[in-house]
Every structure is written in C-alpha cells, then in structure tokens.
1. Could you check the range 15-61 and list, in sequence order, the residues that are in a strand (DSSP E or B) and either more than 23 Å from the chain's Cα centre (by Cα) or free of Cβ contacts under 8 Å to residues at least 24 places away in the same chain (or both)?
2. Tell me, please, whether a residue that is over 20 Å from residue 139 (Cα atoms) and within 20 Å of the chain's Cα centre (by Cα) can be found in the range 71-91.
3. Residue by residue through the range 259-304, note down the ones that are crowded, with 18+ Cβ neighbours inside 10 Å, in contact with a helix residue (DSSP H, G or I) (Cβ under 9 Å, 6 or more places away or on another chain) and farther than 30 Å from residue 215 by Cβ.
4. Is there a residue in the range 213-221 that is modelled with pLDDT of 95 or more and under 28 Å from residue 182 (Cβ atoms)?
5. Within the range 197-214, is there a residue that is more than 20 Å from residue 285 (Cβ to Cβ) and free of Cβ contacts under 8 Å to residues at least 60 places away in the same chain?
6. Please tell me if residue 41 is in contact with a strand residue (DSSP E or B) (Cβ under 6 Å, 6 or more places away or on another chain), assigned by TED's automatic domain parsing to the domain that holds residue 148 and modelled with pLDDT under 95.
7. Residues being assigned to a helix (DSSP H, G or I) and either closer than 18 Å to residue 153 by Cβ or modelled with pLDDT under 95 (or both): count how many of those fall in the range 62-79.
8. Listed residues 239, 225; which is in the same structural domain as residue 306 (by TED's automatic domain parsing), assigned to a helix (DSSP H, G or I), farther than 30 Å from residue 103 by Cβ and at pLDDT 95 or above?
C-alpha cells in the first residue's frame, strides 16, 4: 500500500523542525534511553538520529565521537523510508553500505538495527538505532524492545515540544526562547550573522491583577500573546520569559532595525483595548540589544536588553531603550516612546 507521507520530504522536514530540537544540548531523558539500549541489546553503539535535509544529527549517542554526519552516508536515511524496523546483518555484504566510509573506516560498522521515529501525524523524523562492529542478527524480542524504546523517544520529543510553548499566550516558553538566543549567538560567532533581542515588560501589571483579579490578568496576557504573535515575522521568535515579561528574537536584524520593530510593538500594545468592565488598556516598556563585539554571548545579550528594559521603566515607562545611560552619545535618540 502506497504511503504518501513516506514520500513527502518537505512535510517530513517541517515535522522535524516543529520539534525545535536540532543542535540543542544533550538531555538526560534521551541519554538514558541510548544507555539502556546499549545495555539491553549488548551493542557498542546506540544513537537517537534525526535526519535533517543534508545531515543526520544525534540528539543522543553512546559509542560515537561525533554529533553529526553527512546524510548521504547515514544508515538512518534508509531506515526512515519504511514503517518497519530496518536490519542490516552484515554491511560488507549489503551493496548500499559496503563502501560506506563508516563501514570501511572508523567506527567500522558491520551491523545495524534501526526503528523509525514516527511523529503522531505519521512522519519519520529519524530513528533509534543500535549498531555493532561485528555481523549479527537480532531476535524478534530484541527488535520489539527497540521499538518500545523508539516510542519512548517520540514521547519525549512530544513532551519537549509541549514544554517549549507557553500554554496561556501561545508564545515560546522561556526555555525554548533562551535556547534559540544561544543558537543565534553561535551563528554570530561562526558566521557573523546579525541578530537582535527585544525584551519588554507590561507596565503596572500587578495593579491589573489587584484591581480586576487574576482571570482578567490572564485575559490581558492572552491578548498580548495574540497581538505580538501577529506582529512577529515567521522567521523570528516571540517568547514569554515569565510573568508579564516577553521577548522577541529578530534574525538578520541590527540594533537600529530592532529599535524600529520594538516601537511598532509598543504602539500596538498601547492601542489594545481588552474587553472587560471597565475596558483594560495597557502599555509596555522595551529594552533592545544586538549581537556585537560588546555583546557576543547569549548571556551578555539578554543582560544588556534587560538592563535597557529597566532603564525604560526608570525613564517613565511606555518607551523603548537601546543604549545604556552611561554609554549614550549626546543627541542620540536611544530612548523613544510616549
């Protein structure tokens, strides 16, 4: 029976990207799974392999000293083409792999067992694989064990995806947002790619909760999420950092461009009228910073934007600031707003 989802590479890659897991640091749940598979199946190598456009990237692995390989030498590229586990008893006798550099050279792979990692909507984003440096065949019960562990991997990916979204506002969670600022810092360090950060905080939010109650406060936060979600470009990221504090990560944007974007957000929020009795209006204060020789790490960028946000509040709220007070050149419009 023809399975169209196994042929739809564009949708498969989109499903993988939705997890936002590529190039993230190691995490204990996945490392536990690969360690258990290594022990239970008695193999020297096990990996959670995610198959990207031109590479396979290992979310977790034991017995390998690399985090990724080219896709065209990946066993897992073949494994994701089927709904069933893929077993290679002896790679030297398999025309697909006999000349593979991972077979003819380190780590000298000879056998492979991989179970596709199928998302709930049916796309194979990678595989959980067990590899050995000697030919071997796996018993049916061993294959079932690997299938069970593969299902746990997918459950962990789904849980991670849920954790990455703030359920009240629809924005990215703090964890997901900070992870992406870290990725942007790495891209700036390697390739000089410009990115900027906007952080903003709703003004006098505590008074809304105190005066109208927490359900009204939640309604305000949902309205902010909807408004800012519409304003955020698809390539950028809008996140909730905690409470009434939010952030926008802008790719391929310098500080001047980020300041203009922040002002658009400020004006949009100032124009919101949240349905209540009486109607609730809000404002917000913004801090802006961009990667530069001065701010090269995610920590430095977040701290700079946060300090400028604090300055915006000190200077009267409902405004955007993009420079430290002590660093402000005379006549520079570094803090604008109502």
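1. Listed by number, the residues that qualify are 45, 46, 55, 58.
2. Within the range 71-91, none of the residues are over 20 Å from residue 139 (Cα atoms) and within 20 Å of the chain's Cα centre (by Cα).
3. 261, 288, 289, 290, 291, 295, 298, 301, 302
4. Within the range 213-221 (the criterion being modelled with pLDDT of 95 or more and under 28 Å from residue 182 (Cβ atoms)), the answer is yes, since at least one residue qualifies.
5. Taking every residue of the range 197-214 in turn, at least one turns out to be more than 20 Å from residue 285 (Cβ to Cβ) and free of Cβ contacts under 8 Å to residues at least 60 places away in the same chain.
6. Against the criterion (in contact with a strand residue (DSSP E or B) (Cβ under 6 Å, 6 or more places away or on another chain), assigned by TED's automatic domain parsing to the domain that holds residue 148 and modelled with pLDDT under 95), residue 41 does not qualify.
7. Just the residues of the range 62-79 that are assigned to a helix (DSSP H, G or I), to begin with: 71-73, 75-79.
Adding the requirement that they be either closer than 18 Å to residue 153 by Cβ or modelled with pLDDT under 95 (or both) leaves 75-77, 79.
Number satisfying all stated conditions: 4.
8. Going through 239, 225 in turn, just one is in the same structural domain as residue 306 (by TED's automatic domain parsing), assigned to a helix (DSSP H, G or I), farther than 30 Å from residue 103 by Cβ and at pLDDT 95 or above: 225.
The values are calculated or read from the model by the stated rules, or taken from the named source; none is laboratory data. Model, not experiment: these values are computed from the prediction. Backbone-built Cβ (ideal geometry, glycine too); neighbour counts: all protein chains shown.
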